[in-house]
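A short worksheet on the structure shown next.
The values are calculated or read from the model by the stated rules, or taken from the named source; none is laboratory data. Because the structure is predicted, anything quoted here is derived from the model rather than measured. Reconstructed Cβ throughout: ideal geometry from the backbone, glycine too, with neighbour counts over all protein chains shown. To get the accessible areas, we keep the full protein, side chains included, count just its heavy atoms, and leave off ligands, DNA and RNA. Shrake-Rupley method; radii C 1.70, N 1.55, O 1.52, S 1.80 Å.
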Amino acid sequence: MRDKIIVALDYDDPDEALELARRLEGRVGWMKVGLTLYAAGGRAVVEALKGAGFRVFVDLKLHDIPHQVRGAVRALAAQGADMLTVHASGGEAMLRAAVEAADEAGCGGHRPAIVAVTVLTSIDAAALAATGVARPPAEQAGLLAALAREAGCDGVVCSPQEAARMREALGPTAFVVTPGVRPAWAAADDQARIATPEAALAAGASHLVIGRPITAVPDPVAALERIVAGEETER
Ligand code: C5P
């Protein structure tokens, strides 16, 4: 369970992020650095987290011409990133460039996993239609997941509600990374379509992104241990 939890370090102050990470050292496998923290702290944050023994998910949702994405994946792999996100809607050539750059990094030893974002959960049918895509969001997400698989991506990021469908479409070894995870005892915050850690794993998630239930409480260590124990008592 500890290796399946990714703590979302959604801070704009790198010192605050690293302080929280220090408190969780040895208790959880992964930390997530998103756009806000990366913009504030860059490679120094990634390297500090790696130095503390965490695996690091750098969630920058890359979407650019293939040449740019190849270069970004190469640089982030060299910083020690263990998992990276790209937008599947960037197209097959862009996705392949990301996978190739990861493979090249892997030849020297360290290959980051490339996971694809399909349709952002903040996008509803009307917002998608306004971008020229008439297909319903779930169908579009399925189509983009198939494209990501064809291009060699290691998996997808999706809501727990989509995890079962994605697991079925992508097979047993794919990464299925789900945010929107809330233990029964935690506040939903602004997440609307949530699942408990147990339900997300049962639906086929390989990794659970959990932020505020751990980071925005007085005792993050106790919160994490409660989540881990919840899963263990289910078994
Ligand atoms: O605090 P909370 O557990 O809601 O944090 C979830 C993390 O997952 C945040 O970093 C958020 O940006 C990210 N995320 C999400 N929903 C998505 C994709 C990413 O909540 N669809």
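A compact table of results
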read-out	value
Carbon/sulfur fraction of accessible area - the chain, other protein chains in place, 1.4 Å, %	52 percent
Signed unit charges on C-beta, dipole axis of region 2-229, positive-most listed residue Val45, Ala229, Pro218	Ala229
Projected label distance in nm at Ala125 and Arg27, using a 7 Å step from Cα toward the beta-carbon	4.3 nm
Rounded to the nearest 20 debye, dipole of region 35-129 from Cβ charges on Lys, Arg, Asp, Glu	220 debye
Hypothetical label at Ala164: residues of region 190-216 whose amide nitrogen lies under 20 Å (7 Å Cα-Cβ projection)	192-209
Rounded FRET efficiency, nearest 0.05, which uses the C-beta distance separating Ile65 from Cys107 and R0 of 22 Å	0.40
For the chain, average projected area of the Cα convex hull in nm²	12.3 nm²
Cα→Cβ-extended label distance, 7 Å offset, between Leu20 and Ala216, nm	1.0 nm
Those lysines that a straight Cα-Cα span of less than 18 Å connects to Lys4, excepting residues fewer than 8 apart in one chain	Lys32, Lys50
